[in-house]
Amino acid sequence: PAEKVISHILPGNEEKTEQQRALTPVEIRSEELKEQRSKYTILLAEDNPVNKKVVMRVLADSGFTVDAVSNGIEAINALSEPGKYHLILMDVQMPVMDGLTATGMIRNLENAYSRIPVIALTAHALSGDREKCISAGMDDYITKPIRNDELIGAIDRHLRIDYSNLLSSDPAPVPVAEEEKNGTVIFDRTHFGAISLDNPEFQKDLMQTFIQDCGRRVDNLHQAIEDHNQAVIISESHTIKGSAFSIGAMQIGELAKEIEEQAKENNSSGKLTVLGERLRTGFHHLSKEVRDLLD
């Protein structure tokens, strides 16, 4: 949708209009485009370890060099080397310093980095978020969970990756996706296959990271609900939500989302306790569901 792409474009990028169709997944990872992308280094600012691992792998597989940091201050500090980075992927909600504040400070730098393209990565999809990103000086806006080809396509636009040779030919046929099943699935293997590039080694590594990190956060969340610690409830449920949706753990993602929303509205602790128990049970079921990926 048009809402996902911010109209605030860096000077000169507005002429990049010849790309009249989206590339297929096979085309977007062609060796020709990988060679073009090999000239560019991306800085990723993302605190969620699962999302960070996914994005770094997708970028590397597409031909980019990528470095990662965990908050806005680290992102600004990483810009100490002139000319190293060509684009920043900036998570909006991070600890220590959020992405909006960091982008505003980058725009005030007295060097060439003040004009570096910044693409927002956010779990939010509210109308006001677009204006916040524009005001902070961001150039593009992508919502999570990240779709690989959408992410690479956005980066390619800002770095002027040349698609002309590929666009001159007819696209390869793309299979029509099956309709979504009713109800919330425990684990969407089709989505997981897409974001993990169907690489068994990476799938095992990614799932191990998720199980370890999410398991710890589920325990922290359970304790925070017992302690009525609203800030920790919101923080942990937000991170669990992002990680779960990223890998296709839809049931856990929906439960974490509801816990976050209930905590923000300061609703009764009784309801949060019930949701917290459902989340722990859901995580236990997921751990069984994905056992084959961990062996």
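Glu258 meets the conditions (1) under 30 Å from Asp61 (Cα atoms); (2) surrounded by fewer than 21 Cβ atoms within 10 Å (Cβ to Cβ) in every case but one. The failed one is (1). Among the residues of the stretch 124-153, write down those that are over 25 Å from Ala249 (Cβ atoms) and either touching a Phe, Trp or Tyr at 6+ places or on another chain (Cβ under 9 Å) or modelled with pLDDT of 85 or more (or both). Selection gives Arg130, Lys132, Cys133, Ile134, Ser135, Ala136, Gly137, Met138, Asp139, Asp140, Gly153. Could you say whether any residue in the stretch 88-103 is in contact with a Ser or Thr (Cβ under 6 Å, 6 or more places away or on another chain) and either surrounded by fewer than 17 Cβ atoms within 10 Å (Cβ to Cβ) or not aliphatic (A, V, I, L, M) (or both)? So far as the stretch 88-103 goes, no, none of its residues is in contact with a Ser or Thr (Cβ under 6 Å, 6 or more places away or on another chain) and either surrounded by fewer than 17 Cβ atoms within 10 Å (Cβ to Cβ) or not aliphatic (A, V, I, L, M) (or both).
Among the conditions (1) closer than 30 Å to Glu32 by Cα; (2) at pLDDT below 95; (3) among the small types (Gly, Ala, Ser), Ala78 misses just one, which is (2). Selection of the stretch 217-235 for residues being within 17 Å of Lys271 (Cα to Cα) and not aliphatic (A, V, I, L, M) yields His222, Gln223, Glu226, Asp227, His228, Asn229, Gln230.
Considering only the stretch 281-295, how many residues are among the charged types (D, E, K, R) and not in a helix (DSSP H, G or I)?
1
What is the one condition in (1) in contact (Cβ under 8 Å) with a residue 60 or more places away in the chain; (2) surrounded by fewer than 16 Cβ atoms within 10 Å (Cβ to Cβ); (3) β-branched (Val, Ile, Thr) that Val218 does not satisfy? Here Val218 meets the rest and fails (2). Of all residues in the stretch 230-259, those that are on the phi > 0 side of the Ramachandran plot have Cβ atoms under 8 Å from Cβ atoms of residues that are of a type in the set (S, T, N, Q) and outside any loop (DSSP other than H, G, I, E, B), 6 or more apart or on another chain, in Gly248/Thr190.
The values are calculated or read from the model by the stated rules, or taken from the named source; none is laboratory data. Everything numeric in this text was worked out from a predicted model, so none of it was measured. In this analysis, Cβ positions are derived from the backbone assuming ideal geometry, glycine residues included, and neighbour counts consider all displayed protein chains.
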